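The values are calculated or read from the model by the stated rules, or taken from the named source; none is laboratory data. What you are looking at is a predicted structure, and each value in this text was computed from that prediction instead of being measured. Cβ placement follows ideal geometry from the backbone for every residue including glycine, while neighbour counts extend to all protein chains displayed. The protein model used for the area step is the full one, side chains on, heavy atoms only, and it has no ligands, DNA or RNA in it. Shrake-Rupley method; radii C 1.70, N 1.55, O 1.52, S 1.80 Å.
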Amino acid sequence: SAALAASAVLALAAGEVLARGALAPEDLLHGDAFWIARWNAARSAAEPSLTPGSAVNRWDADLGWVSAEGYRSERVNVNSRGARGLREDPLEKPAGERRIVAIGDSFTFGDGVSDGEAWTARLESELGGVRVINLGGLGYGTDQQYLRLVGSGLDYEPDLVVLGFYGPDVNRNVLSFRDYAKPIFRLDGAGLRLENVPVPHPGDARAVWSAPAPRSWLASLAERRCLELLDQTRFAPKWEVTQRILDRILAASSERGARLLLAYFPNKWWSSRSAEEVVLAAWAREREVAFVDVGEAFAELAPADQARLYEVHWTPLGNEVVARKLAREIERLGLLDGRP
């Protein structure tokens with residue numbers, strides 16, 4: 001027994017040494033703590049900034065960060081109201097014009113492609129005569145997408161709201177810190193309670209976050225793995241939080257006379273249905289909301305074309321395929337034919 005105990009202690013000690021040599025402290029963290037450690041490692045002490053990986057963003061007290069109005073570059077531009085592209089669309093919709101407001105994360109914004117290559121611009125060309133306003137935000141969760149919609153998106157008087165839902169957005173909905181501090185909705189009885197706003201400016205003295213330093217690499221690694229496994233069960237709070245946020249998006253859109261299309265954007269590997277897709281499809285079915293899985297269009301392509309859909313985000317080809325799929329479904333379902 002003593003020999004076995006000694007062997008176990010030695011094995012744990014060896015595991016601890018190996019873990020410390022192979023992993024950085026942030027690799028052992030989970031949730032907010034992981035993102036805080038990542039942000040602290042990336043930010044400049046001399047000039048505090050958001051540092052979420054793109055100069056296109058600026059700080060925002062309500063959303064954490066937004067696309068910087070008037071941002072200009074060779075391929076990526078943002079207009080004076082924070083929408084993707086150079087075109088300026090007035091809030092008041094001209095008589096006879098049909099409008100779509102697109103909300104989502106970096107896949108909707110069009111990270112990695114030019115203004116005209118983003119699926120929102122391609123969708124406008126596919127539909128013809130329809131204005132598509134891109135209010136996607138880099139790194140956004142569904143919570144920030146909802147707040148962007150009610151804060152400014154619905155002021156464009158859209159006929160249709162397209163919510164581009166990338167699977168991992170579910171996880172972002174239970175974070176109060178991702179690329180930077182962000183708003184978060186907590187379950188509150190049968191409703192939701194908004195917390196963590198206003199978000200402090202990164203130069204503010206309040207904007208000092210620290211992630212806990214792991215005492216034991218091995219124990220922290222085991223804890224992270226357990227939390228990751230819990231996240232995949234039906235007991236994880238992210239599922240209920242996400243569905244309640246979707247309920248708010250649906251209610252807000254309907255109150256302003258706009259239909260809702262929920263477009264599911266799969267991870268790079270779409271050969272099998274994810275838990276996110278199953279939950280979202282069920283939510284849409286129960287509430288009679290139009291639902292599109294763009295992975296179906298990817299599966300129809302030849303293997304050589306499938307290999308060209310992604311880099312980190314969608315390539316121009318990926319955006320084109322998504323736009324064609326959405327255009328077909330919008331026309332088939334008559335989502336722009338009159339009011340709901």
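Observations on the structure shown:
- In order along region 103-112, phi translates into HN-Hα couplings of 10, x, 9, 5, 5, 7, 4, x, 5, x Hz, rounded to whole numbers, per the Karplus curve 6.51 cos²θ - 1.76 cosθ + 1.60 with θ = phi - 60° and x for Gly and Pro.
- Additional length obtainable on full extension of the chain from Thr315 to Ser80, 0.36 nm per residue less Cα span: 82.0 nm
- Alpha-carbon centroids, region 86-127 and region 302-340: separation in whole Å: 13 Å
- Accessible solvent surface per residue of region 261-329, calculated while the other protein chains remain in place, 1.4 angstrom probe, Å²: 49 Å²
- When you count the other C-beta atoms within 10 angstrom of each residue and take the mean per peptide, 182-194, 290-302 line up highest first as 290-302, 182-194.
- With the biggest extent put first, the Cα atoms of region 257-340 measure 40, 27, 20 Å across the principal axes.
- Gain in span if fully extended, Val150 to Arg287, counting 0.36 nm per residue against the direct Cα distance: 47.3 nm
- Our summary gives region 59-168 a relative contact order of 31 percent, counting only alpha carbon pairs under 8 angstrom and 6 or more residues apart.
- Contact order, relative form, for region 165-209: 24 percent (alpha carbon pairs under 8 Å, 6 or more residues apart, mean separation divided by residue count).
- At an R0 of 41 angstrom, the distance between the Cβ atoms of Arg193 and Lys93 translates into a FRET efficiency of 0.75.
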